[in-house]
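Structure first, commentary second.
None of the figures in this text is laboratory data; all of them are computed from the coordinates on show. Being a predicted model, the structure only gives us computed values, none of them experimental. Cβ placement follows ideal geometry from the backbone for every residue including glycine, while neighbour counts extend to all protein chains displayed.
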């Protein structure tokens, strides 16, 4: 449906920091006066399952879940999850793809095959892909835990909020002792 | 002050603001977070009760004491709690009593999908259904007001769509309206003693009539006039989906969905050309509105199972949407090459070890087929591939009795060895009477009691067996081995599930025993209440023969290394980030290829 609501779908695997990222988007949108709805599945996420987190903001938001074909941006923390939710994008939507692969147990034990060259598959289907290797960037910064904030930095380039506004929200969401490394990570992501 | 809140957290906030003094519940998706949020508020006594029936009884006692009380559970829990809930509807309340029940629509984490709205009719009680987090909070205070004004328990019903979605909530202050008062001689709460149940029943019917009058005036039932060619009657999250799809339509949004606002519904239906009733699961509203003689469409335009969504409704209501000039976005199929990421038992999970030991015993005893009647918990994942361990798992504490029943259905057990598999929290919830019954009636079954020291499936809640309460008080835990022994079980094998040989031997001995035997496998969950991660193990690649024994544990830490043996068999390695160092695979490996260094 045509409306002014912005639909951001953040996907990954339990433990990757998907929820931190979607919380940051929700908080910044509320701080800027938008109505916000957010939804993620609970219960199974801690069992190695897929974690999709839907964030929607606009003047007035009704449904808490993004419908297939209506996402402005899919931010994928993991390649297979990016492939899984690619069809949620609008025709002119954008995929931010973290080049990280987390093998499901059925792949690790040889029962399934992890799809090859996911970025190519996405592009072959006409999807506008921004690739990021956030894990490598995080390792270089000496802290593998800032992957989420790096990806948030990349996402921030495509949303209407200023760098200062983002940093304020991130500062509120992460504990004091991790604040400066997270702000650096955000800058690094935004600089891509 | 505004905050983005999960629907469940908003309900907890609502309980706080409404002056709730006692809140009780039992964990269950999608309701669990409510009690976990309630415990953080000052001025509310909160507890995990041992099961939902007990929680309901505790709540009723507190309500009779004159204070505002909330009781929280999931849909399956309401079935358990329904026995005491029925009479409290007859008796009426002293302080307000609100039942919050969350339905797992779509069976995300349940063996069933159930529409608990039908209980409102059965119990003759008013029901409120919020559509978002703000309403979830506001409706708690309203529920208490209705409860005290109409002398009735009130049902606040949510689904995953509200409980597990977040929205902006305007916070208010706490208002305490009630002080404890208890008149021990009041006839009101003494069915058969003070007032005859049939008189109470009549009162309940009279109460419903007054509630229907109230429903016609209640602000939570509101008409939003739009294009009068179509009038949509709806509630809960379906309201949100329809407002998104067709905001131009006229809406009658029902917040109070039982008893129905008859006059308001007639007034609305009279002024629109066509009436649609759109709801999730059973045609609860639709049947009642049709019975009022109002022609409606509903069931034929929606699926009768699973959660609705904007996407589903946009397909089903395509003709209507086209009539209003709406163009639907293209719904593209999934991209090629996708594989499913199934939820799994975690690396080092004690259930993986016990399941492996059971399979080993089965391999050694081919003459008899081991059948396992399962129960509710993480181990329920064992009902699916690749484990395929459980023949059924349907309700809390039911596996033991189902095993006992099955043992009587099969002549001489038909070459089968019948096991029940149950966890600690589930055993303490409803497994104890089942075991007592099996003992009393001289059953011949083996119970595997896998005690992982927490309620793992719902995220690691404490329970009576850990001795830690919802609010973190620590006291002497209920001792499960003593409970089992006191019920008269003679053949008890206590093992560490990570000791492979001991577990296997214990299972073998237990199934040989004539009568009720128990293998109690005690090993702490590796995820909850705190992560347990020891030094990871590793595979010495030169020694790996590619036999695949360790892979059949189905531990997520064991993965193919990409190397092959001389005979071309794939070798295994251990993912050090995932491995928690439980050592089980090193005991299973016949080539001694797995070690801790």
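Classification of the range B:180-316 by its C-alpha gyration tensor yields a prolate form. The axis ratio a/c (a ≥ b ≥ c) is 1.5 or more, and a/b outweighs b/c. Distance distribution note for the range B:92-249: the fraction of Cα pairs above 27 angstrom is 36%. For residue B:319 and residue B:216, the FRET efficiency from 1/(1 + (r/R0)^6), where r spans their Cβ atoms and R0 equals 35 Å, is about 0.60.
As I understand it, the value is the acute angle between the Cα axis of helix B:197-217 and the longest principal axis of the Cα atoms of chain B; what does it come to in degrees, rounded to 10? Between helix and principal axis, roughly 70 degrees.
If I model the range A:127-192 as equal point scatterers sitting on the Cα atoms and use the Debye formula, what is log10 I(q)/I(0) at q = 0.27 Å⁻¹? Debye output, listed in q order: -1.19. When every Cα-Cα distance of the range B:350-522 is counted in 5 angstrom steps from zero, the calculated P(r) takes the values 1, 9, 19, 23, 23, 15, 7, 3, 1, 0, 0 percent. Across the range B:572-591, the residues whose backbone nitrogen lies under 11 Å from the label position 7 Å along the beta-carbon direction of residue B:563 are B:572-574. Using C-alpha pairs below 8 Å separated by at least 6 residues, the relative contact order for chain B is 10 percent. For the range B:244-314, the fraction of C-alpha pairs more than 15 angstrom apart is 56%. In this structure, residue B:273 and residue B:170 have a Cβ-Cβ separation that, at R0 = 41 Å, corresponds to a calculated FRET efficiency of about 0.65. Across every pair of non-identical alpha carbons in the range A:6-190, the mean reciprocal distance, once inverted, gives a Kirkwood radius of 16.6 Å. Peptide A:19-30 has a mean shielding of 1, counted as Cβ atoms of other protein chains within 10 Å of each residue's Cβ. The ranking of A:161, B:537 from fewest to most other beta carbons within 10 Å of each one's beta carbon is A:161, B:537.
Here the spin labels are modelled as points 7 Å beyond Cα on the Cα-Cβ line, and at residue B:494 and residue B:199 they lie 5.5 nm apart. By the count of other C-beta atoms within 10 Å, a proxy for reagent exposure, A:56, B:228 are ordered fewest to most as B:228, A:56.
With Rh defined as the Kirkwood radius, the inverse of the mean 1/r over Cα pairs, the Rg/Rh of the range B:2-217 is 0.95.
Take the Cα of residue B:291, go 7 Å toward its beta carbon, and the backbone nitrogen atoms of the range B:185-206 under 20 Å from that spot belong to B:201-206. Computed from the Cα positions only, the extents of the range B:321-398 along the three principal axes stand at 67, 32, 26 Å, in decreasing order.
On the beta carbon distance between residue B:552 and residue B:474, with R0 = 51 Å, the FRET formula returns roughly 0.80. Mean separation of Cα pairs under 8 Å and 6 or more residues apart, divided by the residue count, gives chain A a relative contact order of 19 percent.
Note on the range B:538-595: Cα-Cα pairs beyond 12 Å make up 61% of the total pair count.
Per-residue packing, averaged as other Cβ atoms within 10 Å, sorts the ranges B:479-491, A:12-24, B:137-149 into the order B:137-149, A:12-24, B:479-491, beginning with the highest.
Note on the range B:1-73: Cα Rg divided by 2.2 N^0.38 Å, N the number of residues, gives 1.04. Volume per residue of the convex hull around the Cα atoms, evaluated for the protein assembly as shown, comes out as 181 Å³.
Of A:149, A:50, A:121, the residue with the greatest mean-square motion in the GNM of chain A, using alpha carbon springs below 10 Å, is A:121.
The length gained on full extension between residue B:388 and residue B:332, counted as 0.36 nm times the residue separation minus their Cα-Cα distance, comes to 16.8 nm.
Shape analysis of chain B yields a ratio of the Cα radius of gyration to the Kirkwood radius, Rg/Rh, of 1.02.
Is the range B:450-597 rounded, prolate or oblate when judged by the Cα gyration tensor, a ≥ b ≥ c being the square roots of its eigenvalues, rounded requiring a/c under 1.5 and prolate requiring a/b larger than b/c? Oblate, since a/c reaches 1.5 and b/c is not below a/b. Largest GNM mean-square fluctuation among A:167, A:32, A:177, using chain A with Cα springs under 10 Å: A:177. With all pairs of separate Cα atoms included, the range B:21-120 yields a Kirkwood hydrodynamic radius of 13.5 Å. Counting only DSSP H runs of at least 4 residues, each contributing -39500 (n - 2.57), and dividing by the residue count of the protein assembly as shown, the helix-based mean residue ellipticity at 222 nm comes to -10000 deg cm²/dmol. With both labels modelled 7 Å from their Cα along Cα-to-Cβ, the residue B:436 to residue B:86 distance reads 2.1 nm. Rounded if a/c is under 1.5, else prolate if a/b is larger than b/c, else oblate: which is the range B:77-144, with a ≥ b ≥ c the root eigenvalues of its Cα gyration tensor? Note, shape of the range B:77-144 comes out oblate. Full extension of the chain segment joining residue B:363 with residue B:300 gains 17.5 nm, where the gain is 0.36 nm per residue of separation less the Cα-Cα distance.
Computed over chain A with a Gaussian network model linking Cα atoms closer than 10 Å, the most mobile of A:31, A:86, A:71 is A:31. Remark: spin-label model distance residue B:414-residue A:191 equals 7.0 nm, labels positioned 7 Å along the Cα→Cβ axis. Counting every other Cβ atom within 10 Å of each residue's Cβ, A:168, B:42, A:81 order from fewest to most as B:42, A:168, A:81. Paramagnetic label reach from residue B:538 (point 7 Å along Cα→Cβ; backbone nitrogen cut-off under 11 Å): within the range B:547-577, residues B:574, B:576.
Volume per residue of the convex hull around the Cα atoms, evaluated for the range A:1-107, comes out as 98 Å³.
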